[in-house]
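The values are calculated or read from the model by the stated rules, or taken from the named source; none is laboratory data. None of the values given here were measured: they were computed from a predicted structure. When we count neighbours, we look across all protein chains shown, and the Cβ atoms used for this are built from the backbone with ideal geometry, even at glycine. Note: areas computed on protein heavy atoms with side chains; ligands, DNA, RNA excluded. Shrake-Rupley method; radii C 1.70, N 1.55, O 1.52, S 1.80 Å.
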Amino acid sequence: MPEENAANKLFLPRKNGDLFIIAGPCSAESEKQVIETAEQISECKKVKVFRAGIWKPRTSPGTFEGIGEPAFEWLRKVKKETGLLTTTEAATPEHIEICLKNRDALDIIWIGARTTANPFSVQALADALKEVDIPVLIKNPLNPDIKLWAGAIERFQKAGIKNIGVIHRGFYPFENINLRNLPKWELAIEIKSLFPDIPLINDPSHIAGKREYIKNIAQKALDLNFDGLMIETHINPDVALSDAQQQLTPSDLNTLLKNLKFRKSTSNDTEFTDILEQYRDQIDSIDFQLIELLNKRMKITEDIGKYKLKNNVSIFQLKRWLDISKTRQDFGKTLGIDNQFIKRILQLVHRESIRLQSNIMNKNKKN
Ligand code: PEP
Ligand code: MN
């Protein structure tokens, strides 16, 4: 049996709320900053891995783009002096080569959001890592495209990387919001559903953009049963050379981790499982009824489609649609259901009705 390295063990499914916590500065800036940050972080026993970007993807040239290879000497010291594992971002095959040359100083490689968005880059990195035994964490791509994220995982799997984790760091927002990136939690849930054995880590720092938002995002991740967190932490965040507004001090990190409510991923208590089972039976029955009702509604929609066709009337009827949307939202309100939720469901149903009626009209056109 090949000897498992320490990082591999940490990728085993978590027990008793034992989360995989990564913390450290956005960038490795100086030996003093790296070592002091790591020393203080290591006092917080929950943290297992020290992160620091050695090469930094910056929007504009001329800003701090990382120290490069000399920073591995600092990571080597971090490992020796604190016992923390280490991770950095690699974005090109040359970065991988340097990482592997410094393998004794590095336990895990992470792939950044900009890289995951580009299949050429992902493939080049996967090729550079072929059959290498090093864990790889893959951040979600900047754009909310689940296939790109899944594709990156598959490329590394095909290259023989056995130890893969994913990091949910949010998606480019396209409009002004409070947060730096849109969380789109549903995509994190989807990637976990596609790859149930791959640990899912949340990066609240890059979603938040500002330190005051980090706690709520991290708590939400724990509530959704994420396997870990990656939190940017800097000895003196205000003077950080990158992402200054979103980094926490080690002492704030400690407070945050102490105050988070760690949920159990499940419970073996029989009373709990019995009651949960009863609730789930009810939900199952309701879901099947909903599907039967939707089917009934779609059948009527098709009859209407045929009727419109016969009378040469257009599919989309604005007045009727506005009326449906309003009356259902008003009714939902009387029951205390969020009207945006009703609106979204109706939009989906209406879209499907239009699709079915278009099929009827188009089929007729061909004949
Ligand atoms: C980072 O972790 O510092 C980073 C650059 O992240 P992302 O790729 O998520 O933007
Ligand atoms: Mn950063």
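Let a ≥ b ≥ c be the square roots of the eigenvalues of the Cα gyration tensor of the range 270-366; is it rounded (a/c under 1.5), or, if not, prolate (a/b larger than b/c) or oblate?
Numbers: a/c = 3.86, a/b = 1.89, b/c = 2.04.
It is oblate, given that a/c is not under 1.5 and a/b is not larger than b/c.
Per-residue 3J(HN,Hα) values for the range 28-33, derived from phi via the Karplus relation 6.51 cos²θ - 1.76 cosθ + 1.60 with θ = phi - 60°, read 6, 10, 8, 4, 4, 4 Hz in sequence order (x marks Gly and Pro).
Of the trypsin sites (Lys or Arg not before Pro) found in the range 256-325, those in coil by DSSP whose Cβ has at most 16 other Cβ atoms within 10 Å are K261, R263, K264. Largest GNM mean-square fluctuation among Q40, Q347, Q282, using the chain with Cα springs under 10 Å: Q347. Taking amide H atoms as placed 1.01 Å from N in the peptide plane, the amide H of W110 lies under 5 Å from those of T88, E89, A90, L137, each 5 or more residues away in sequence or on another chain. Here the dipole of the chain is about 1960 debye; that uses its Cα centre as origin and unit charges on the Cβ of Lys and Arg (positive) and Asp and Glu (negative).
With a cut-off of at most 11 other beta carbons within 10 Å, and DSSP calling the residue loop, which trypsin sites (Lys or Arg not before Pro) in the range 36-99 qualify? Please list them.
Working: sites: K45, K46, K48, R51, R58, R76, K77, K79, K80; in loops: K45, K46, R58.
When the trypsin sites (Lys or Arg not before Pro) of the range 36-99 are filtered for loop state and at most 11 Cβ neighbours within 10 Å, K45 remain.
At what distance in angstrom do the alpha carbon centres of the range 131-187 and the range 37-90 lie from each other? Going from one Cα centre to the other spans 20 Å. Summing charges over neighbours of Q40, with a neighbour being any other residue whose Cβ is under 13 Å away from its Cβ, gives -3 when K and R count +1 and D and E count -1. Using a probe of 1.4 Å on the protein chains alone, the accessible area found for T92 is around 40 Å². Label the range 6-259 by shape, choosing from rounded, prolate and oblate, from the square roots a ≥ b ≥ c of the eigenvalues of the Cα gyration tensor; if a/c is under 1.5 it is rounded, and otherwise prolate applies when a/b is larger than b/c, oblate when it is not. Because its axes are fairly even, with a/c under 1.5, the range 6-259 counts as rounded.
Counted residue by residue at 0.36 nm each, then reduced by the alpha carbon distance between them, the extension gain from A150 to I275 reaches 41.5 nm. When shorter helices are ignored and each DSSP H run of at least 4 residues is given -39500 (n - 2.57), the per-residue value for the chain at 222 nm works out to -16500 deg cm²/dmol.
Computed extension length for E81-I315: 77.2 nm, one decimal, from 0.36 nm per residue of separation with the Cα-Cα distance subtracted. In the context of the full protein assembly, S285 retains an accessible surface of approximately 60 Å², using a probe radius of 1.4 Å and ignoring ligands and nucleic acids. Here's how it looks for G209: its modeled amide H is under 5 Å from those of R180, which are all 5 or more places away or on a different chain.
At a Cα cut-off below 28 Å, give the lysines reachable from K158, other chains included and same-chain residues fewer than 8 away excluded. Counting by Cα, and skipping residues close in sequence, K158 has these lysines nearby: K9, K48, K56, K101, K130, K139, K147, K184, K192.
For the range 270-366, the number of Lys pairs with C-alpha atoms closer than 14 Å, counting only pairs eight or more positions apart or on separate chains, is 8.
For R114, the accessible surface of its heavy atoms amounts to roughly 110 Å² (probe 1.4 Å, protein chains only, rounded to the nearest 10).
Within the chain, DSSP assigns beta bridges of which about 5% are antiparallel (rounded to the nearest 5). Computed from backbone phi, the HN-Hα couplings of the range 202-216 come to 9, 10, x, 5, 6, 6, 6, x, 9, 4, 5, 8, 5, 4, 4 Hz, rounded to whole numbers (Karplus: 6.51 cos²θ - 1.76 cosθ + 1.60, θ = phi - 60°; Gly and Pro given as x). Each of L335 and E39 was given a label point 7 Å from its Cα along the Cα-to-Cβ line. The distance between the two points is 6.1 nm. What the Cβ-Cβ distance of N178 and S325 gives, at R0 = 22 Å and to the nearest 0.05, is a FRET efficiency of 0.20.
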